[in-house]
Amino acid sequence: MNINIPQSYFSKLMRAVVEFELIEQGDRILIGVSGGKDSIFLTYALAILRERLKRDFYIAAFTVNPQFDESFDTASIASFCRSLDIAYEVVDVDIAGAIAAQDDKSPCFTCAFFRRGAVNRYAVAHKMNKVAYAHHHDDAVETFLMSLFYSGQLNTFRPKTYLDKTDITVIRPLVYFREQEIIDATRYHGFTPIPSPCPHNGNTTRQTVKELIAHLSAENPNLYNHLAAGMREGALGELWPASKTRKEMERTYRAFMQKS
C-alpha cells in the first residue's frame, strides 16, 4: 500500500511528536482503534512515521468491541491494518451491559472507563510501553470548555501522560489537527469510517459543547483560537484566590472579631 499525506499534515504530526517527545527509540506503541475517522487516520499516520522517522519502534492496533450492536464488523479494520503491516486484534468487552447496570452514571464515563481499562490491560500483557489515542485539537478545546462548565475547573487532557499504576505512557499524536482536516484525510488513506455503534452517539455533553462553540464562532471568529490559547499553561490572568477551608475561615473570623 502506497502511504502518503500532504506536507502540511506531516508537519503537524511532527510538531506534536517533537514538541511533546511522543516517540522514542525502541517504543512499542498500541493504537486504540474504533474504526472511526480519527483512529483510522492515527493508524495511517503512525505507519507513515514508522517509515520516515530515523527511529526503530513497533506499532500494533487494538479494538474494543463494546457489544452495543451485533452488526459491529471489524473485518475492514483488520484488512486496513494488514495493508499497513500492523498487527491487529479485537477483544469483546460488555460495555453495553456495564452501562445498563450503572444507569445512575454517565454512559460516556462508563464507556471510557471500561475502554481504557481494556486497552491498558492489553498493553501491559503484550509488553507495550505506550498507548496512542486519536484525540485531536477540537477534542482538547471541547474538553477544556466542558471541564469549566461541568466541574468548575480549568482542565484538559495532555498530549503525553504517564500512568504510574501501569507504567504506560499515553500519547496523542493528532493534537495539532483540526477535526475537519481528519475528515478530509479520508482521500489519502481511502478507508470508509465505520459508524459508531454507540446508541448515545450525537446525544452527549461533548456534542452540546461542540455545537455551542460552532454557534458562538459564527459571531466571534476568534473564539476558537482564544479557547485554544486559554488551555495553555501560563495563560491564566487574574483569578480569585482559592476558597478557604472551614478551619481557615474560623481562624480569620476569630481574628476579625477580636478587639484591636
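A compact table of results
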| read-out | value |
| --- | --- |
| Choice from R178, R158, R232 with maximal GNM fluctuation in the chain (Cα, 10 Å cutoff) | R232 |
| Beta bridges by DSSP in the chain, antiparallel share as percent, to the nearest 5 | 20 percent |
| With every protein chain in place, the chain: carbon and sulfur % of accessible area (1.4 Å) | 52 percent |
| Among 34-42, 122-130, the order from most to least packed when residues are scored by Cβ within 10 Å on average | 34-42, 122-130 |
| For segment 39-167: lysine pairs under 28 Å (alpha-carbon distance), excluding those fewer than 8 apart on one chain | 9 |
| Using alpha carbons only: equivalent-ellipsoid semi-axes of the chain, gyration tensor based, whole Å | 37, 23, 20 |
| Accessible surface, the chain, averaged per residue in Å² (probe 1.4 Å) | 60 Å² |
| Within the chain: Cβ-based charge dipole about Cα centre, in debye rounded to nearest 20 (Lys, Arg +1; Asp, Glu -1) | 1000 debye |
| Dipole magnitude (debye, nearest 20) for segment 113-182, charges at Cβ of Lys, Arg, Asp, Glu | 400 debye |
| Calculated from backbone phi, Karplus (6.51, -1.76, 1.60) coupling profile of segment 48-54 in Hz, x at Gly/Pro | 5, 4, 4, 6, 8, 6, 8 |
| Area of M1 that stays accessible when all protein chains are in place (1.4 Å probe, Å², to 10) | 110 Å² |
| Whole-Å distance, taken between Cα centres, linking segment 53-73 and segment 106-164 | 16 Å |
| Extension gain (nm, one decimal) between N2 and E238, 0.36 nm per residue minus Cα-Cα | 79.8 nm |
| Positive dipole terminus of segment 137-198, leading residue within P159, P195, A185 (C-beta point charges) | P159 |
| Of I86, I77, I31, the one that fluctuates the most in a GNM where the chain has Cα springs shorter than 10 Å | I86 |
| Rounded to the nearest 20 debye, dipole of segment 1-145 from Cβ charges on Lys, Arg, Asp, Glu | 620 debye |
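The values are calculated or read from the model by the stated rules, or taken from the named source; none is laboratory data. Note that the structure is a prediction, hence the values are computed from the model and not measured. Cβ sites come from the backbone with ideal geometry, for glycine too, and all protein chains shown count toward neighbours. Ligands, DNA and RNA are excluded from the accessible area calculation, which covers all protein heavy atoms including side chains. Shrake-Rupley method; radii C 1.70, N 1.55, O 1.52, S 1.80 Å.
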